[in-house]
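Asker: Please find one structure pasted underneath; my questions will follow.
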Amino acid sequence: MPLLESQPESQRRFGTFGGVFTPTLLTILGVIMYLREGWVIGNAGLLGGFLIIALAYAITICTGLSMSSITSNLRIGAGGAYAIISQSLGLEIGGSLGIPRYLSQALAITLYIFGFREAWLWVFPGHPGFLVDVAVFLLLWGIAYKSADLAIRVQYLVMAIIGVSLLSIALAAFTGSMQYDLSEVALWGRFPGAPETDFSGASFWVVFAVFFPAATGIMAGANMSGDLKDPRRSIAVGTMAAIGVSLVIYLLLGYWVARSATPQELVSNYYVMVEKAYWGPAVIAGVFGATFSSALASMVGAARIMQAMGSHQVVPRSTWVGRLTRRGEPRNAMLITGGIVFVSMLLRDLNAIAPLITIFFLVTYAMLNVVVLVEHSLGLISFRPLLRVPPMVPVIGVVGSVFVMFIIDPVLSLLSAAVVVAFYVFLINRKIDAPFEDVRSGLFMAFSEWAAKKAAALPTKQERAWKPNLLIPVDDPTAFRGAFALVENIARAKGAVKLFGIRCASAPADLSTQLDRLKRAYRERGVFATATMLDHESFAKGVISGMQVLHGGFFRPNIVFLGTPRGAAQEHSYGHLIRTASALGMGTLIYAPHAEAALGQRSRINVWIRDRSPDWVLRWNVGNLDLSVLTAYTLMRSWNASLRILAVIRSEEDRPGAAYFLERLVDLARIPDTETVVASGDFIRYVPEAPPADLSIFGLADDPDFDFMRAMVRDTGGSCLFVRDSGRENVFA
């Protein structure tokens, strides 16, 4: 795999405002805002209406935060929520949700077209309804088929139209439309119902179910994930900004209509906003714009979901479906989407399945929150989002989404669950080979032997499931005391410690008892530790035998932790020991403590990188640096320390390449607040002049230079850690 940035820059061309904020805001500010919010306030009263809005937005905000958190942890591809769920829980679960999600998105386009037609016929009652539908469909599909750029530009125009409609309402408010004082406004309504049911009555939850689809537009921006320049930032900022702006608009509109019309007017006249506005045609134009923009955003987003599933071999004829133009347009997926929308238009009435569309949106919401809960509970190092949310946020999102599903329609909710399960079984039988890692191995490792075998059978190296499992060879527990805290701090992030006592000639008689004490001490500090003994004539040979034996286990160690050798004989054997560890897929850490400074204040860590010139290209295989950075990150979290990464170059000509390398390394490794330093000159001479640290981390060769190690301890004035990768960890996972 060459470079991490696999998608051409031309396919990632939208920023936060155009790619996320605009389509999300316009989808939320839809026809319900214009034609149903007044009815909601008329039924529920001002406080009841505000409570309905608050409950709906509580679910939306929690889901938006969960989605923002998980996208800040992924290099998300195309497909929005489908991509997020697939990259976290696997393609089978992602596809089982993605297919009904795509179909509901496509059918939602038809509903938006029908909504546009109803508003059009209210203004022009003599026009043929079907021709209006076809004309709107062709215009929508033509814009979306041409390019997403054109769709975004059209949405800017629609945003201006909606802005004018809201301005018309604001002018009405300032010119006397709010004729009723708050004392005259009903704070809690009588829930008379709707004109269609002859005002036979309604309930709080029925009114809530009518309003809630207004809050289901937050995926519009995430659907553009494959076209965003910086999806990790844009999805979070754009989505949450759109949610916040729309919430303020809904609350202000609710307050305005409550003071501008009587409850009887609000429940009996869906176009009350048109009549009460300063200039009614502006609000009618807003209705047209809202339905049109929602349909356009759904058309663009649905095609991208289908294309993403095609690129992952989830749907039939995937190669053709997943094809993109040179500009990154999913033209083939757009043809399929247009066909589905046109056929559904022929049915003329989708009211019966409208609740099912909303329920599939809610299923997606629930699963996005589940993804965050799963990642939180596993505690894997690969889950280090730039935006962390408390676990209660996704809990509220899951519970709220499921609750609303069954409020809307319990039967359809069960049917939707059955559909998802059916698609899951179908995709499991297809045995899709995912092109990316997910956290399923972390789940399997946490379960029984069945789960362990399942994880071991997965085809990839499971770099996302990596965590430090240290093998600690001990023949003298007294000498190990100085490293006790360091090992604890490395392993505390859900890692483990395997104390491996080697009973050789130099070992104390009570070695086994002392190991048990160390094991209990680690467990008391929240670090899972085990201990075992091996009789052997020499320390080095005992370590190698232990590594070879433990290599056959499932939860085998992936790092061997060593102290500095005691004597020339141990120095001579370390090279063979390190090479054996590498051959067995284990990394190596050699801890060289400073006799006086020890670990100091544990407030600063330096990671050193030697000159890579002329090749400062960041690749997936970063080259004996993964374990160094991951170890530094775990210590940074344990100590609440600051991290500095230093590169020493021989020539000033290499400074731009080295600086960019460090900048991209920090960004893609998702390690914020990390200082980077590029210095020129001789590596050995620069070390004493470098900014000081409590722990300095250096790379380790197969044949270690112990004179160099001693010099680094002396020149840095602090303890040092020398690190050799195993090749199975990855800082970008």
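Asker: Would you mind computing Rg(Cα) / (2.2 N^0.38 Å) for the stretch 194-344, counting N as its residues?
Answerer: Numbers: Rg = 20.0 Å, N = 151, 2.2 N^0.38 = 14.8 Å.
Expressed relative to 2.2 N^0.38 Å, the Cα Rg reads 1.35.
Asker: Taking the alpha carbon gyration tensor of the stretch 589-733, what are the square roots of 5 times its eigenvalues, largest first, to the nearest whole Å?
Answerer: Numbers: eigenvalues 92, 64, 46 Å².
In descending order, the three semi-axes are 21, 18, 15 Å.
Asker: Hey, how many Å between the Cα centroid of the stretch 50-86 and the Cα centroid of the stretch 29-45?
Answerer: The distance from the Cα centre of the stretch 50-86 to that of the stretch 29-45 comes to 24 Å.
Asker: Now a separate question. List the residues whose amide H sits under 5 Å from the amide H of Thr674, counting only those 5 or more places along or on another chain, with H placed 1.01 Å from N in the peptide plane.
Answerer: none
Asker: Summing -39500 (n - 2.57) over the DSSP H runs of n ≥ 4 in the chain and dividing by its residue number, what mean residue ellipticity at 222 nm do you reach, to the nearest 500 deg cm²/dmol?
Answerer: Numbers: 28 runs with 415 residues, N = 733.
Roughly -18500 deg cm²/dmol at 222 nm, from the helical runs in the chain.
Asker: Taking the alpha-carbon distance from Lys276 and a cut-off under 15 Å, which aspartates and glutamates remain once sequence neighbours fewer than 8 residues away in the same chain are dropped?
Answerer: Filter leaves Glu37, Glu265.
Asker: Fully extended, how many nm does the chain gain between Leu121 and Asp198 (0.36 nm per residue separation, minus their Cα-Cα distance)?
Answerer: Taking 0.36 nm per residue and subtracting the Cα distance, the gain is 25.5 nm.
Asker: Can you figure out the FRET efficiency of Leu138 with Glu675, using R₀ = 60 Å and their beta-carbon distance, to the nearest 0.05?
Answerer: On the way: r = 56 Å, r/R0 = 0.93.
Efficiency for this residue pair is about 0.60.
Asker: Spelling out what I want: for every residue of the stretch 630-640, take phi, set θ = phi - 60°, compute 6.51 cos²θ - 1.76 cosθ + 1.60 (Karplus), and round to whole Hz; glycine and proline get x.
Answerer: Residue by residue, the stretch 630-640 yields 5, 5, 4, 5, 5, 5, 4, 5, 5, 8, 6 Hz.
Asker: Starting from the Cα gyration tensor of the stretch 9-430, multiply each eigenvalue by 5, take the square root, and state the resulting semi-axes largest first in whole Å. Before the final figure, lay out each step's value.
Answerer: Numbers: eigenvalues 230, 117, 83 Å².
Ellipsoid semi-axes (Å, largest first): 34, 24, 20.
Asker: Same structure again: In the structure displayed, which of Lys519/Lys541; Lys498/Lys519; Lys494/Lys519 lie more than 20 Å apart, Cα to Cα?
Answerer: Numbers: Lys519/Lys541 23 Å; Lys498/Lys519 9 Å; Lys494/Lys519 16 Å.
Lys519/Lys541, as the Cα separations exceed 20 Å there.
Asker: Wrap a convex hull around the Cα atoms of the stretch 466-590, take a quarter of its surface area, and give that in square nanometres.
Answerer: On the way: hull surface 27.7 nm².
For the stretch 466-590, averaging the hull's shadow over all directions gives 6.9 nm².
Asker: Viscosity 1.306 mPa s, temperature 10 °C: what is the translational diffusion coefficient of the stretch 644-724 from Stokes-Einstein with a Kirkwood Rh over Cα pairs, rounded to a whole number of µm²/s?
Answerer: Numbers: Rh = 13.8 Å.
For these conditions, the coefficient is 115 µm²/s.
Asker: Got a sec? How would Glu118, Glu652, Glu375, Glu663 order by Cβ neighbour count within 10 Å, fewest to most? Write down the numbers at each step before the final one.
Answerer: Numbers: Glu118 16, Glu652 10, Glu375 24, Glu663 13.
By the 10 Å Cβ count, ascending: Glu652, Glu663, Glu118, Glu375.
Asker: Tell me, what ³J(HN,Hα) does each residue in the stretch 177-191 have, in order and in whole Hz, if you take phi through Karplus 6.51 cos²θ - 1.76 cosθ + 1.60 with θ = phi - 60° and put x for Gly and Pro?
Answerer: 5, 7, 7, 10, 6, 4, 5, 9, 8, 6, 7, 9, x, 9, 6
Asker: Skipping prolines and chain starts, which residues have an amide H placed within reach, meaning under 5 Å, of the one on Leu695, given they are 5 or more residues away or on another chain?
Answerer: Residues meeting the amide H criterion: Arg604, Asn606.
Asker: For each of Thr325, Thr631, count neighbouring Cβ atoms within 10 Å of the residue's Cβ, then give the residues from fewest to most. Could the numbers behind the result be given before it?
Answerer: Numbers: Thr325 11, Thr631 24.
Ascending number of Cβ neighbours within 10 Å: Thr325, Thr631.
Asker: For Cα extents along the principal axes in Å, the choices are (i) 130, 70, 49; (ii) 100, 55, 54; (iii) 93, 52, 47; which was calculated from the structure?
Answerer: For Cα extents along the principal axes in Å, the calculated option is (ii).
Asker: For the stretch 72-197, just say rounded, prolate or oblate: build the C-alpha gyration tensor, square-root its eigenvalues into a ≥ b ≥ c, call rounded for a/c under 1.5, and beyond that prolate if a/b exceeds b/c, oblate if not.
Answerer: Note, shape of the stretch 72-197 comes out prolate.
Bear in mind these aren't lab numbers, they're just calculated from the coordinates by the rules spelled out. Note that the structure is a prediction, hence the values are computed from the model and not measured. Here the Cβ is made from the backbone with ideal geometry for all residues, glycine too, and neighbour counts use every protein chain on show.
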